[in-house]
Amino acid sequence: MEFLLPFLIGILFSASLYLILHRHFFKLILGLILFSLATNLFLFVIGRLTRGGSAIIGQDENVAVEPFADPVPQALLLTAIVIGFGIQSFTIVLIKRVYQSFGTTDLDDMNTTDQIEEHH
Amino acid sequence: MFLAILAGFLLAFAAPLLHRWLGKWVVVPMALLPFTIFVYLLTLSPAVLAGNNLGELQAWAPSLNINLHFFLDGLSLLFALLITGFGTLIMLYAGGYLKGHPLLGRFYLYLTLFMTAMLGLVLAGNIMAIFVFWELTSISSYLLIGFNQDKESSRSSALQALLVTGLGGLALMGGLILVGMAGETYTLSELLERGDLVTNHALYLPALVLLLLGAFTKSAQFPFHFWLPNAMAAPTPVSAYLHSATMVKAGVYLLARLTPVMGGTDEWQYTLMIVGGITTVLGALLATQHVDLKAILAYTTISALGLLVTMTGIGTAPAMEAMVVFLLAHALYKGTLFLVAGNVDHATGTRDLTQLTGLSGTMRYTSIAALLAGMSMAGILPFFGFIGKELLYEASLEESPFRWILFAMSFFSGMVFVAVAIALGYGIFWRRSQNPTPLQHPDKPLLYLPPVILASAGLVFGLLPGFFVTPLLRRASEAMLGVEQTFDLALWHGFTLALGLSVLTVLLGYVVYRFSNRLLSYASRFSGLYLFGPANLYQLALRGFMTGATKITATIQNGYLRSYIAAIITAHIALVVLSLWENGPRLELGNNLHLLSQLRMYEIVLLLMIVSALIFLFKSQSRLTSIAIMGIVGYSASLFYILFGAPDVAATQLLIETLTVVIFVLILHKLPVFKYLSHATERYKYVTLSLTFGAVMTYVILIVKQYPLDSQLKAYFGQGSFLLGKGRNIVNVILVDFRAFDTLGEIVVLAVAAIGIMAMLKLRMHKGDKP
Amino acid sequence: MNHLLIMLPILIPLYGAILSLFCWRSVRVQLYIGILTQVCLLVASFLLLFDVNESGIRTTQIGSWPAPYGITLVADLFSAMIVITSAITGMAVYLFSIKGLDKARQTFGYYPVLLVLQLGVSGACLTGDLFNLFVWFEVLLMCCFVLIALGGTKPQLEGAIKYVTINILATSFLLAGIGIVYGTMGSLNMAELALLVRMPVAHPALINMAGMFFLIAFGIKAAIFPLFFWLPAAYHTPPIAISAFIAGIITKVGMYAFIRLFTLIFVTDQELTIPLFTVLAGFTMVIGVLGAASQNDFRKILSFHIVSQIGYMLMGLALFTPLALAGSIYFIIHNILVKTNLFLISGVVAHRHGTFALKKLGGLYLQQPILSVLFFISAFSLAGIPPFSGFWGKFMLAKAGFEIGSFTIVLVSLAVSLMTIFSMTKIWNEVFWKKKPEQEPLLDVVPQQKLRDNRQLYLPVGIMTVFILLIGLYAEPVVAMAQLAAEQLLNSKLYINAVLKR
Amino acid sequence: MKTVILATAIRILIPLFIIFSVYTLFRGHNHPGGGFIGGLIGSIAFVFHTMTHGPQQTVNTFLKLNLYGYPRQPNQSRSLYLMRMMRVNVWRRRRMARHPEVKQRMLRIEPVYIIATGLFLATTSGVLGLLSGQPYMHAYWSDFYIPVLGKPGTPILFDLGVYLLVIGVVLKITFVMSEE
């Protein structure tokens, strides 16, 4: 598993990027969610994996005994997941509003703000 | 000196207010300031003339060695007197010229600003301070040229002048920094003694190139001369002051100032002589092709500037002598003629040479001034211009391989000067005519007094060259040569070759004047040539720049989100590969193969579930299915977290995933079904990109995981969580104690997200395009 | 006292935001809270700057957890300078928003979110922990999302979607980069990391690779080439009271983090990074100014031009000498002030004339002379004309470049400076000098109340201009401080010792 | 979705969820759980309620406090009046609601205020350290032990803030979304 996880993460990254590169809004948001999921797993895996022992100190001990999972990536991950949730829900709402305002689901219809305005 | 500059700036910014309070009397304080400074400088002059250089130090940015260091020697005194003396007259003149103009206050602001900047430029004893004032003159000139802002031509001329001199300014900055590095100081007085150090430095050549670029653009040397005639869009006082007497001479001043530092080398000499020579001839030639008084004067100014540069290039004692004398003479007569042209324009409403005749009857004083200045320009005997011309001829005829070329050049320009002088000083005023051009208003004292004073100065200096002028000019040329000078100026040198040539010049000049109409008729034939002229090149460059910029921008910023993301991901892949390419560690997969044996069945199932879910996700046409699949992927991820000892993360992931699905259902249930929107060709491109990206990320994990991690944090938190943090769940203790600050930030993000979502759903503005 | 002083720039806006949330129903009360918060923040930032200037780098350990384990807050001159600049800017933007922002947006959380944004700036500047930096950047990001979309007009939504997508990617890269750093070095404390990378490590290339993740992440946030696309797409879409602050500050905070990390931690392979930065800086400058020159909208010119200026800041990092970094730092300070001010001015113009399009504007030179002066000063500061503020940064960078013989990049920067003059005069020409094109007479009559409001908007612009003039005409304190700050950056021992108390 | 079974199930589940969430919150320092997880669990209860009954109903049921009262009699002592009012509001709610003379005032708890309270708690729990010259967020623990909840200390206060904030945020989000 430890060996296969990096490949799985690679697949997730590929899939999410491909979804992001789609023209459809809905795929874009799916892609973004997958992308942060992949990033979270990336963070988790690259902080080393420990099978079994969780980062909790037993009732009759004062210090954690090896093997216990590295709590740092977990804590970072928790923070990242929650932040990601905030951003994701905002993005979902944004997509919804865009659809309501523009009446389209095609990203290619949205290229006006960076166009150069004609002069004279 | 610092006070003088400061007073100048303060008064400049007070000008609009003063105009509001004093009305037309604003002219009094504005003219009083330069006059006071002029007198102040005169009181300093005995010391300077005695050979002492005055200095004054005012710290400004000492940590960069940029200080307001002032330095007064002969050369700066000459320029400073010119600036303030002429400045006084111009302030008076402007009061008359722009009487009743609603923006007179602003005009005085700019003009005073310019004058002060120019004064600062010539008085500054720190080369970076010179640059600061230099750029200030450019800005104030920009504002003055564009003074009639509602005219398109004014605006574009102002822009042109700003861009050309701005280009020079930037080059100059580079050049001065290099000079400072070569000479190891920015202080002028120290630099003046380190000429050898600078000229032998490896940076000398680039410094020289940049410096000359600065000086040439400012002083309208070929091929940057074209902005000067266009700058005549400015009101005449400006043309007279900035674009003939002072600002354009800043370049000449800089060259003269730095002669002891940079001069003396072949590169210096030849460049100056060649560029100056071309400018001299070209300016003279172009002067004969125009009928607009100000244009003619502008081109002869260019020619004169060319002469000054050439003389600086020659660099011998007589050449320097000729240069300072001609500089003064030129300022006096050209300034006068500009003012005269302004008077004529003001009174008759035209500046067309061919339409103006017989004005001597109606504009008596102006015509006298014109006559005096014209004679000085033509180099007629008792005038100061005569001395200048004599010296020019003598200097160019000195022993040197190029003497004939140099002489021919100055002779040619001299001839044209004579012709122009006749046309302006005599033609439009004194030539008899049946129907003199009618005037719209009579000659006014504020308008004719300044030119008369200036022109008579030319006569006085010519008649009494020994009084004040000679010692001043002697000190000025000394500043350039670095050696004591002992020349004496005199009107009469006896019957020398130069005298003969002067007479010849006048005669031939008269011939040119007679045939000027014929010359003018050739003007149209040159129009083809102008296509390749620098002015046209400037236009082309500007247009090309705009088109190019628009095209490049439209390509890069094309509005398609996909291409932006593709660019970013490509950059990422490239950078990661680049960083690992040369000396990155090699991946050894073999060592990890044993891990395969630890695989459990449920893990493989989980894995396969995710992969097949992803495949379904791509195939799916329905939103709800996609959402469900996303849920599956998310829940599988939380299973992973449980498997590897992260129950908190797993629980959070689980709950968050649930909430996300809920939000999806709440929000996106009305979107239309999917459509395949991508193009086939693009799709392959993106598939490749995605796969590469995934591969890179996999590689990164593998390569990092190849090395053992010895985390101090893990150990510390494991040790201290219960004993120090009083909690057994280490992750939670990290979240609420060890790293609670992160959590604080995180909940702030959530709060803001909630506000944002609420605002986005509740607040829908439609025409909120405005602030 | 030490602990409190570093915390104040974080606590003040945080409490301000919380109080504003409690007073959600009353915009007026939020406004007063905001003003009070701004004043306090300004004072606190000044105190912090003085303190750091007097006694060197200051640190505090959050929760009393010792250095490599707990989160450190570090105030050195660089961060203190950014914090104070941000406080000044925030003050001006706040004053502007009172009359310059519509009531609807004010009601929907503009004030608390702006305060949180300022909190994010302080947090990102003061933190000495890599992951904490990430968190504060998320705070910034979330606030920017909300503010850019606030109001939900069409252009805003369109800009927001691009902004959000690209910035989520940046966030992910940042997180991944942090993961790699932790995965290779097992620490998150920046001082500790700085110490670790300076010791013989197993594979410097891995650290370098992590650096590339940060380069992409902060490159996107700082809008360098070729990662800037979100900026010209989004920055001009929200109202000025929003875009002025975002445009002025946020990219510079990205640049701050960029400079911080690439002077402190990712210094292992400078044979790669320095040429890379040089190339990126050059392209950023040129493409940015070309974009600015090609636009025909007041705000769009200003927005695109941000990219170009970022190039200068990167250039300082690419040259990597004390003088160059000082130039960068000075440039950041100068640019925050000037850019915000220009945005505010465009807001004043649009408030009265109802448009940002250059072709519809005109005649302000005669109509609003004071505004013309204010614009002129800011525009020419931006163009780097002496003695205005931009000159000093440009001078330091050019000099530093010449000193180490990087002639090309210096010449490029000077050429870009000329093009900057061009793009600024374009605005000056069209908005101020040109006559206003004819339009229906009805539109020309501006109601008295609006005129009064418009004059009130001069106040923040005036305040900013005073600061711009101050750091230009009396540049010495800021220049000297920037030089000290650059020395602190380059002499990483100072930072490490201050944090780890070695 | 408005089936009776679901509605009833949710009505029963919600108190359970909330109790469980509070339990998770306090237990989090020693076992898996904590402010986030607790908050999320607690809010999910409300979310389901909102999804079945609509946001208005949720607000009416949980987030609105009806206060009842009548004007003070001229000769009534202040303390007596206050005690009466308290009794009215605590024990006799149902009866008072139908009483014609009684005036009803509603105290609606906006999710925004829950968010603000959460933030305030979390922030202020750290300030205590600052006030005594320690760094921000310096932890203070009490010496006594409360059963189930464990030892109170500033980190627990912080976690409580997180809990409240998460509930507030999720409530706010789901309310505005389901109003769509």
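The values are calculated or read from the model by the stated rules, or taken from the named source; none is laboratory data. Note that this is a predicted model, so its numbers are computed, not measured. Virtual Cβ from ideal backbone geometry, glycine too; neighbours counted across all protein chains shown. Areas reflect the complete protein model, heavy atoms only, side chains present, ligands, DNA and RNA absent. Shrake-Rupley method; radii C 1.70, N 1.55, O 1.52, S 1.80 Å.
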Practice prompt. Measure up C:Lys360/C:Lys426; C:Lys99/C:Lys162; A:Lys96/D:Lys172; B:Lys99/B:Lys444; C:Lys252/C:Lys394 against 23 Å on the Cα-Cα distance and list the ones that go over.
Written response: C:Lys99/C:Lys162
Response to the item:
The long-range amide H neighbours of D:Tyr140, using H built 1.01 Å from N in the peptide plane and a cut-off of under 5 Å, are D:Thr154
Worksheet entry | Vicinal HN-Hα couplings computed from phi for the stretch C:477-492 (Karplus, 6.51 cos²θ - 1.76 cosθ + 1.60; Hz; Gly/Pro x) | x, 5, 4, 4, 5, 4, 5, 4, 4, 5, 5, 4, 5, 6, 8, 5
Worksheet item: P(r) tail for the protein assembly as shown, what percent of Cα pairs lie past 51 Å?
Response: 41 percent
Worksheet entry | Positive-pole candidate from B:Ala284, B:Phe71, C:Gly186, dipole of the protein assembly as shown, charges at beta carbon | C:Gly186
Worksheet item: What shape does the stretch C:369-490 have by the C-alpha gyration tensor, where a ≥ b ≥ c are the square roots of the eigenvalues, rounded means a/c under 1.5, and otherwise prolate means a/b greater than b/c and oblate the rest?
Response: oblate
Worksheet item: When the dipole is taken about the Cα centre of the stretch B:215-335, and only Lys, Arg (+1) and Asp, Glu (-1) are charged at their Cβ, what size is it in debye, to the nearest 20?
Response: 280 debye
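Placing +1 at every Lys and Arg Cβ and -1 at every Asp and Glu Cβ, with all other atoms neutral, what dipole size does the protein assembly as shown have around its Cα centre, in debye to the nearest 20?
Values: 98 positive and 70 negative charges, 1260 e Å.
The dipole of the protein assembly as shown has a size of about 6060 debye.
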Worksheet item: the stretch C:2-500: D in µm²/s via Stokes-Einstein (Kirkwood Rh, Cα pairs, 20 °C, 1.002 mPa s)?
Response: 95 µm²/s
Fill in: Listed residue (C:Ala482, C:Trp65, C:Gly123) projecting farthest to the positive dipole end of chain C, Cβ model
C:Gly123
Worksheet entry | Solvent exposure of the stretch B:622-673 as accessible area per residue, Å², 1.4 Å probe | 30 Å²
Discussion item. Could you work out what % of the accessible surface of chain B is carbon and sulfur, using a 1.4 angstrom probe and leaving DNA, RNA and ligands out of the count?
Written reply: 67 percent
Worksheet item: Mind checking the mean number of beta-carbon atoms from other chains within 10 Å of the Cβ atoms in D:46-54?
Response: 1
Fill in: Between A and C, accessible area buried - total, square angstrom, nearest 100, 1.4 angstrom probe
3600 Å²
Worksheet item: Considering amide H positions built from the backbone, and no H for Pro or chain starts, which residues 5 or more places from D:Gly150, or on another chain, come under 5 Å of its amide H?
Response: none
Fill in: Label-to-label distance, nm, for residues given as B:Glu56 and D:Ser142 (7 Å Cα→Cβ offset)
7.5 nm
Worksheet entry | Label-point gap, in nm, between C:Tyr474 and D:Phe20 - each point 7 angstrom along Cα→Cβ | 6.6 nm
Practice prompt. At 27 Å minimum axial length over the Cα atoms and a Kyte-Doolittle cut of -1.0, report the qualifying DSSP H helices in chain A, or say none.
Written response: A:25-46, A:71-102
Fill in: For the stretch C:137-147, 3J(HN,Hα) per residue [Karplus equation, 6.51 cos²θ - 1.76 cosθ + 1.60, θ = phi - 60°, Hz, x = Gly/Pro]
5, 5, 4, 4, 5, 4, 4, 5, 3, 4, 5
Worksheet entry | Dipole magnitude of the stretch B:281-524 about its Cα centre (Cβ charges: Lys, Arg +1; Asp, Glu -1), debye to nearest 20 | 740 debye
Response to the item:
With a Förster distance of 60 angstrom and the Cβ-Cβ distance between B:Ala7 and C:Val29, calculated FRET efficiency to the nearest 0.05 equals 0.75
Practice prompt. Would you work out if the stretch B:1-262 is rounded, prolate or oblate? Take a ≥ b ≥ c from the square roots of the eigenvalues of the alpha-carbon gyration tensor; rounded if a/c is under 1.5, else prolate when a/b is larger than b/c, oblate otherwise.
Written response: oblate
Practice prompt. Name the long-range amide H neighbours of B:His69: under 5 Å, sequence gap of 5 or more, or other chain; modelled H, no Pro or chain starts.
Written response: B:Gln58, B:Gly125, B:Asn126
Item to complete: Of the options C:Ile6, B:Met273, C:Leu261, report the single residue whose Cα projects farthest towards the positive end of the charge dipole of the protein assembly as shown (beta-carbon charges: Lys, Arg +1; Asp, Glu -1).
Response: C:Ile6
Fill in: Local net charge near B:Leu121, Cβ-Cβ under 12 Å (Lys/Arg +1, Asp/Glu -1)
+2
Fill in: Reachable lysines, given that their alpha-carbon falls under 30 Å from the alpha-carbon of B:Lys714 and they are not under 8 places away in the same chain
B:Lys705, B:Lys726, C:Lys493, C:Lys501, D:Lys151
Response to the item:
Lys and Arg at +1, Asp and Glu at -1: neighbours of C:Asn208 with Cβ under 12 Å from its Cβ sum to -3
Discussion item. For peptide B:633-644, what's the mean number of Cβ atoms from other chains within 10 Å of each residue's Cβ?
Written reply: 5
Item to complete: Indicate the gyration tensor shape class of the stretch B:1-49 (rounded, prolate or oblate), computed on the Cα atoms with a ≥ b ≥ c the square roots of the eigenvalues: a/c under 1.5 is rounded; otherwise a/b larger than b/c is prolate and the rest oblate.
Response: oblate
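Given R₀ = 30 Å, FRET efficiency for B:Lys685-B:Val577 by Cβ-Cβ distance, to 0.05?
Using R0 = 30 Å, I get an efficiency of 0.95.
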Discussion item. Ignoring solvent entirely, what values of log10 I(q)/I(0) come out of the Debye formula for the stretch B:622-673 at 0.13, 0.25, 0.30 Å⁻¹ when each Cα is a single scatterer?
Written reply: -0.34, -0.86, -1.06
Item to complete: Provide, in order from the shortest bin, the percent of all Cα-Cα pairs of the stretch B:281-524 in each 5 Å bin, continuing until the bin that contains the maximum pair distance.
Response: 1, 7, 14, 19, 19, 16, 11, 7, 4, 2, 0, 0
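Give the carbon-plus-sulfur fraction of the accessible surface of chain C in %, rounded to a whole number; probe 1.4 Å, heavy atoms of protein chains only. Please list the in-between numbers first.
Details: 7840 of 11550 Å².
Exposed carbon and sulfur together represent 68 percent of the surface.
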Worksheet item: So, by mean Cβ neighbours within 10 angstrom, what's the order for B:497-509, C:372-384, B:215-227 with the highest one leading?
Response: B:215-227, C:372-384, B:497-509
Discussion item. Using a Debye calculation, one point per C-alpha and no hydration shell, please list log10 I(q)/I(0) for the stretch B:1-112 at q = 0.24 Å⁻¹ in order.
Written reply: -1.22
Practice prompt. Write down the accessible area per residue of the stretch B:1-262 in Å², having rolled a 1.4 Å probe over the full set of protein chains.
Written response: 27 Å²
Worksheet item: If the cut-off is 13 Å between C-alpha atoms, which aspartates and glutamates fall inside it for C:Lys450, apart from same-chain ones fewer than 8 positions away?
Response: C:Asp102
Discussion item. If N is the number of residues in chain B, what value comes out of its Cα radius of gyration divided by 2.2 N^0.38 Å?
Written reply: 1.38
Practice prompt. Please average, across the residues of D:155-161, the number of beta carbons from any other chain that are within 10 Å of each residue's own beta carbon, and give a whole number.
Written response: 5
Item to complete: Using θ = phi - 60° and the Karplus relation 6.51 cos²θ - 1.76 cosθ + 1.60, list the HN-Hα couplings for the stretch C:188-197 in order, rounded to whole Hz, with x at every Gly or Pro.
Response: 10, 6, 5, 5, 4, 4, 4, 5, 5, 5
Worksheet item: Which angle from 0 to 90°, rounded to the nearest 10, does the C-alpha axis of helix C:298-319 make with the longest principal axis of chain C?
Response: 20 degrees
Fill in: Angstrom value of the Kirkwood radius, inverse mean 1/r, which spans all Cα pairs in chain A
17.4 Å
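For the protein assembly as shown, what does the helix formula give at 222 nm: sum of -39500 (n - 2.57) over DSSP H segments with n ≥ 4, over the residue count, nearest 500 deg cm²/dmol? Show your work: numbers first, answer last.
Values: 65 runs with 1103 residues, N = 1573.
So the helix-based figure for the protein assembly as shown works out to -23500 deg cm²/dmol.
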Worksheet, complete the sentence: At R0 = 56 Å the Cβ-Cβ FRET efficiency linking B:Val611 and D:Met86, nearest 0.05, sits at 0.35
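So what's the net charge close to B:Leu497: Lys and Arg +1, Asp and Glu -1, counting the other residues with Cβ under 11 Å from its Cβ? Write down the numbers at each step before the final one.
Working: positive: none; negative: B:Glu390, B:Glu394.
My count for the surroundings of B:Leu497 gives -2.
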